[in-house]
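In what follows, a structure is listed as structure tokens, so that the remarks can point back to it.
The values are calculated or read from the model by the stated rules, or taken from the named source; none is laboratory data. Computed from a predicted structure; not experimentally measured. When we count neighbours, we look across all protein chains shown, and the Cβ atoms used for this are built from the backbone with ideal geometry, even at glycine.
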């Protein structure tokens, strides 16, 4: 991908990524972070079992040749605003947000660590996120919601970390039938692109574009030119005309500025 302005990459994973040694998505994250010389911090805030989550990712990254893997423990807002977390991040070449409950990641939003992540990304840091850690990377974070209706009341959202400011990201997408949820979220903020990522699938993004990697597909919902009419009740269906839907398997790229997909590098399965 061109046009990255020299900054880092976001590797945003739809969850349930293959963690066996020699598998592609996490290998790509290691490559983006500097290969065997990478210094990776794992942010375990989203999970209720941070020690177990860190141990699992530490094993994976070490099998992939990374010798310096540390947990960046954020248990509350004081940690997110503290100097220790900022110092650990300052030494890293890659930062990875694991999955869990995305509502727990609200403690990072607007924090000193949030600002540091943004600055370090612009300076070349690789940042990855899976499942809950993926939706948190957008300007708006999906906090919950299910069902078959497209309605304002069918989804709960809140501010995200804003590292991919043009996007609103959902995960476990095809496996859990989340197109209605993503459509509901996009109708609340039609200027954002809705990006739904299947399991064991990822996008590798710069500010200008992303490419699709992995075993599944990425769905992109574009309602910028759509007609959206909200009913009086949040529980009633939204009227939605002329929304655009793109389905991108591995090897496709998406121009974020032009809002245009294309078939891209043939090697992009991983």
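Details
- Among residues of the range 67-94 that are touching a residue at least 60 places away in the same chain (Cβ under 8 Å), those with a Cβ under 7 angstrom from a residue that is assigned to a helix (DSSP H, G or I), sequence gap 6+ or separate chain, pair up as 93/33; 94/29; 94/32; 94/33.
- Any pair with Cβ under 6 angstrom, 6 or more apart, that starts in the range 222-249 at a residue that is on the phi > 0 side of the Ramachandran plot and ends at one that is surrounded by 14 or more Cβ atoms within 10 Å (Cβ to Cβ) and modelled with pLDDT of 95 or more: 242/226
- Test: residue in the range 186-195 that is within 18 Å of residue 98 (Cβ to Cβ) and not in a loop (DSSP other than H, G, I, E, B): no
- The single residue among 11, 72 that is at pLDDT 95 or above and over 19 Å from residue 106 (Cα atoms) turns out to be 11.
- With respect to the conditions (1) crowded, with 19+ Cβ neighbours inside 10 Å; (2) within 26 Å of residue 182 (Cα to Cα), residue 113 falls short on a single one, namely (2).
- Test: residue 148 is closer than 18 Å to residue 95 by Cβ and either at pLDDT below 95 or surrounded by 19 or more Cβ atoms within 10 Å (Cβ to Cβ) (or both): no
- If you go through the range 159-183 and pick out every residue that is closer than 17 Å to residue 223 by Cα, outside any loop (DSSP other than H, G, I, E, B) and touching a strand residue (DSSP E or B) at 6+ places or on another chain (Cβ under 9 Å), you end up with 10.
- Matching residues in the range 135-158 - criterion: being within 11 Å of the chain's Cα centre (by Cα) and in a helix (DSSP H, G or I): 135
This table checks each residue for (1) more than 23 Å from residue 11 (Cβ to Cβ); (2) surrounded by fewer than 24 Cβ atoms within 10 Å (Cβ to Cβ).
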residue	(1), (2)
109	no, yes
132	no, no
135	no, no
154	yes, yes
166	no, yes
170	no, no
175	no, yes
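- The listed residues are 129, 194, and the only one of them that is farther than 21 Å from residue 235 by Cβ, touching a strand residue (DSSP E or B) at 6+ places or on another chain (Cβ under 7 Å) and modelled with pLDDT of 95 or more turns out to be 129.
- Qualifying positions in the range 113-125 - in contact with a helix residue (DSSP H, G or I) (Cβ under 6 Å, 6 or more places away or on another chain) and more than 20 Å from residue 34 (Cβ to Cβ): 113
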